[in-house]
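A short worksheet on the structure shown next.
Any read-out appearing in this document is the output of simple, stated calculations on the displayed coordinates, not a laboratory observation. Worth saying up front: this structure is predicted, and the values here are computed from it rather than measured. Here the Cβ positions follow ideal geometry from the backbone for every residue, glycine too, while neighbour counts run over all protein chains shown.
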Amino acid sequence: MLKDSDLGFLNSRVSALLENHVRNLQGGIVPVDLEKVALAAGVSRIDRVMMIPEGALVHGESGFVVYLQANFQHSPGAHLKQRFVLAHEICHALLYERIDANKIRRRRMGEAERESLCNRGAGWLVLPEFVVDWFVQRNGRIRTTEQILALATDAQVSLETVIRRLHENPSKWLEVDHGFVLAQAHAEVPTIRAVAYGPWMWGKIPVPQLYQAEKDWISKLRFDHDLVEGSETTIHLNPGILRLEKAHPRSSSYVYKIRHEAG
Ligand SMILES: [Zn+2]
């Protein structure tokens, strides 16, 4: 569990960094120029190298150096992955606190918490609130899988990042009574990787859980045959109707769109 104080600390540092970024924006709103953001966060160099970890942050004499794994640079999705890892490493840099003119110290917290906090912060950086707001202003609140794909393409982030991010503010960004579930298709046991829905879902249907097997969730909806891609399936609740639509926007994943209609 992440502490509110740690979340608040990183959130205010990310916000300050992004405010400054927006003030000095020269190009378009999307995608966020992470190399520029990194520079403003005190990263003096970004090196792409062959290594086992996906990313690393080192504090050198003239600031931070970020190392990004270059091993799979040309594989599909590598570009998006690398952007997310860079954002994650920027968050590590933001978790240093200045003690005096020439001394900095890493904020104290558990290692697992630090990693999960930096993943959360990476989502804020690659897909900032102002980017989602901008998208929603142009396209309306998100109600289709196509919109999710368009936002992911515009912002150069994965579907996972988009859907996780939408879940942070569903009442602002999602159409009322709509929800989305991302499942990884090529995993041995396809699992749920991201969910986004408003409070309407609680108590109406079994809530999809992160890392739950996709099949377990589907079967809990009392729905026992495979959903045909693109077709809409109706599940009668008591009261109300649930419309479930499965799409396959990228080779590695399925997106379920859920729409609840009051009965
Ligand atoms: Zn990390």
* Asked: Are there any pairs, at least 6 apart or on different chains, whose C-beta atoms fall under 6 Å, with the first in the range 203-214 and within 20 Å of His260 (Cβ to Cβ) and the second assigned to a loop (DSSP other than H, G, I, E, B), and if so, which?
  -> Glu214/Pro190
* If we only count strands (runs of 3 or more DSSP E) wholly inside the range 168-263, which ones have 3 or more residues that are among the hydrophobic types (A, V, I, L, M, F, W, C)? -> 178-184, 192-197, 241-250
* Being part of a helix (DSSP H, G or I) and within 16 Å of the ligand (Cβ to nearest atom), is that true of even one residue in the range 138-149? -> no
* **Of all residues in the range 50-72 being in contact with a strand residue (DSSP E or B) (Cβ under 7 Å, 6 or more places away or on another chain) and polar (S, T, N, Q), the one that is farthest from the ligand (Cβ to nearest atom)** => Ser62
